[in-house]
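First up is the structure itself, then whatever we jot down about it.
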Amino acid sequence: MPSSLVDENNKLEAIAAATSSRAAEEALVAAAKAGDEQAFEILFNCYQPRIFALVLRYTRVREDAEDVAQQTFKKAFVHLETRSKGSPRSRPG
């Protein structure tokens, strides 16, 4: 793997470790908006368990919850550009 790619991976992982920080989350969202699939993957990994658990409480069917959670992230990915800096959101944990 090229060193610049490794450096970028390390940078994104460091940001991911600090997702409790609004600034770190904004950096990940900005990177995802710019087309960085790894940044979106980090956001996905951070929020997917909580979204899945919430949906599962409503659907009570694992497969349905997986489908709804997947659709949620698909919509989030498609609408990344429309999210403004001051948009309300909830945090995991």
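Derivation of every value follows stated rules applied to the coordinates shown; laboratory data play no part. Source: prediction; values computed, not measured. Cβ sites come from the backbone with ideal geometry, for glycine too, and all protein chains shown count toward neighbours.
Per-residue HN-Hα couplings for segment 67-76, Karplus 6.51 cos²θ - 1.76 cosθ + 1.60 at θ = phi - 60°, whole Hz, x for Gly and Pro?
3J(HN,Hα) across segment 67-76, in whole Hz: 4, 5, 4, 5, 4, 4, 6, 4, 5, 4.
Say each of SER21 and PHE73 gets a label point 7 Å from the Cα, pointing the same way as Cα to Cβ; how far apart are those two points in nm?
It works out to 2.5 nm between the two label points.
Of TYR47, TYR58, how do they rank once you tally other Cβ atoms within 10 Å and put the fewest first?
Ascending number of Cβ neighbours within 10 Å: TYR58, TYR47.
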